[in-house]
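Reading through the structure tokens given below for one structure.
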Amino acid sequence: MALLAGATGLALSDPSGQEAQTRAATSTARTTIEQMLSYNYKTIDAQATRIEGLLTGSFKSEFSQAMDKDIKPLAVRNKTVVQARVSDVGVMEQSEGRVKVLAFVNQATVGADSEKPAIDQNRVIATLTKVGDRWLVSQVQAF
């Protein structure tokens, strides 16, 4: 009887499992954003390939083009290493199979011309789309 009451209470408090889905999406957003915004000029090709597996839709090709044309050449030339950390993530919108978040990101950048890391504070709006049983980033806006 207690098991039935517990299950009924769970169903009433979150009938669609949306809260669990939102937690999963925001957790994925945190780790994916950190990976997308971190890179090491020595391993940038392997990193880009791994990150592409976390993306979907037209954003996947946009990311690949930006990495190949802009980010990688500059990173290699300047021997750049960037480490990103998401300090917080908040849900802006959610619907079935889609979550839009705002992430607060700090990036520490070092290169051949700098001994001390330069710290940049960024805000990122990311949309995650559920593909199968995975949450993948389908859009990103940085400001």
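The values are calculated or read from the model by the stated rules, or taken from the named source; none is laboratory data. None of these values were measured; they are calculated from a predicted model. Neighbour counts are summed over all protein chains in view; Cβ atoms, including those assigned to glycine, are modelled from backbone coordinates with ideal geometry.
In table form, for the structure just shown:
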item	result
Number of the exception - residue 126 against (1) free of Cβ contacts under 8 Å to residues at least 40 places away in the same chain; (2) part of a strand (DSSP E or B)	(1)
Residue within segment 100-116 that is touching a residue at least 24 places away in the same chain (Cβ under 8 Å), outside any strand (DSSP E or B) and not small (Gly, Ala, Ser) present	yes
Exclusive hit being modelled with pLDDT under 95, under 17 Å from the mean Cα position of the chain (by Cα) and either surrounded by 12 or more Cβ atoms within 10 Å (Cβ to Cβ) or part of a strand (DSSP E or B) (or both), set 32, 22, 28	22
Candidate set from segment 5-19 (those that are in contact with an Asp or Glu (Cβ under 9 Å, 6 or more places away or on another chain) and part of a helix (DSSP H, G or I)); member that is modelled with the lowest pLDDT	13
Selection from segment 87-128 of residues that are under 25 Å from residue 56 (Cβ atoms), surrounded by fewer than 18 Cβ atoms within 10 Å (Cβ to Cβ) and among the hydroxyl-bearing types (Ser, Thr, Tyr)	95
Cross-chain or 6+ apart pairs with Cβ under 9 Å, segment 14-39 first and under 22 Å from residue 80 (Cβ atoms), then modelled with pLDDT under 95	37/142
One residue from 46, 75 being surrounded by fewer than 18 Cβ atoms within 10 Å (Cβ to Cβ), of a type in the set (Gly, Ala, Ser) and over 20 Å from residue 22 (Cβ atoms)	46
